[in-house]
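Bear in mind these aren't lab numbers, they're just calculated from the coordinates by the rules spelled out. Everything quoted here is computed from the prediction, not taken from an experiment. So basically every Cβ, Gly included, is an ideal-geometry build from the backbone, and we count neighbours across all protein chains shown.
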Amino acid sequence: MNLHTSSAAASPAPAPAPSRRVPVARTLGVSRMFGTGSSVVHAVEGVTVSFERGVLSAVIGPSGSGKTTLMHLLAGLDSPTVGSVELDGVALDGLDDTRLAALRHERTGFVFQSFNLMPALTALENIRLPETLGRRVRRNDRAWEQQLVARLGIAPLLDRRPGELSGGQQQRVAIARALAHRPAVVFADEPTGNLDMRTSGEVLALLSELVTESDCGIVMVTHDPVAASHAGRVVALRDGRIVSDTGARSAAQLAAVMLGSTATAGGSGFADIGATAVER
Ligand SMILES: Nc1ncnc2c1ncn2[C@@H]1O[C@H](COP(=O)(O)OP(=O)(O)OP(=O)(O)O)[C@@H](O)[C@H]1O
């Protein structure tokens with residue numbers, strides 16, 4: 001299968017009209033507890049946060065700080081114990097499983113650390129797999145798909161299977177899959193965790209450019225300060241709570257945040273971590 005043999009239009013896809021007022025993912029006073037009694041774990045506690053279109057946001061924090069739990073709540077993959085979640089303006093708590101799955105399929109995309117491509121399918125078939133599985137609610141925008149493929153430098157690779165691609169090439173295919181249906185928000189879980197430093201930098205640069213070009217929001221969970229330094233916004237978690245919410249920061253500043261240190265973050269705006277959490 002090849003894009004050039006498809007009915008894809010040659011002209012570039014027009015960018016969608018920006019709709020920045022509606023947050024693409026939002027929590028309101030959300031807590032998620034696991035277990036009961038003396039063994040209860042407060043994975044996320046009292047978090048109110050909102051993510052917008054056009055921004056690559058990183059959610060950082062040490063292991064066990066609640067990053068994955070928060071991302072699962074935002075994506076509707078898990079339900080809060082307390083509080084509410086909205087996905088692209090739709091409150092999730094009233095939705096049954098079918099409607100929730102349809103909403104997620106239509107308005108979200110996912111990028112995983114381990115790429116999660118189907119080994120038996122070609123790159124293009126992988127990019128189109130979600131629309132095959134969710135025919136009624138999800139269809140790739142063909143012109144935008146073609147633009148994305150060119151933008152990600154994978155046009156010559158579309159007939160290859162994942163086993164014939166490098167890790168970086170596989171992640172580019174996964175990014176095309178996540179963005180091709182013009183989702184409102186893409187959740188990226190440690191997207192560079194399996195890539196070398198140079199390839200990670202290339203993938204993150206692409207994500208930060210594509211977030212503007214596609215006018216979606218990207219929420220990236222990572223414990224890597226270098227990866228987070230590519231983000232335009234950084235939300236830091238500790239013990240399930242937001243301890244900082246700022247604009248772009250250097251890797252050194254974010255490493256200090258991850259270590260819970262303020263000593264090396266001089267002038268970074270992180271000097272008051274823990275004291276002035278900004279929760280939107
Ligand atoms: N299904 C579960 N059952 C019980 N406890 C859980 C469950 N999921 C998460 N937790 C606990 O909630 C806390 C937050 O976990 P979470 O996976 O969200 O952290 P994280 O910041 O993503 O960690 P990591 O960087 O190691 O992936 C941890 O103490 C974890 O053990």
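Zone of residue 250 (label point 7 Å along Cα→Cβ, backbone N under 16 Å): which residues in the range 219-238? Hits in the range 219-238 for residue 250 at 16 Å: 225-231. Among 28, 133, the ranking by other beta carbons within 10 Å of each residue's beta carbon, starting with the fewest, stands as 133, 28. Here's how it looks for residue 241: its modeled amide H is under 5 Å from those of 45, which are all 5 or more places away or on a different chain.
Note that the range 162-172 has calculated 3J(HN,Hα) couplings of x, x, 9, 10, 6, x, x, 5, 4, 5, 5 Hz, one per residue in order, obtained from phi through the Karplus relation 6.51 cos²θ - 1.76 cosθ + 1.60 (θ = phi - 60°); glycine and proline are x.
Could I get the Rg over Rh figure for the range 98-189? Both from C-alpha atoms, Rh via Kirkwood, rounded to two places. Across the range 98-189, the Cα-based Rg/Rh ratio is 0.95.
On a per residue basis, the convex hull of the C-alpha atoms belonging to the range 23-258 measures out at 123 Å³.
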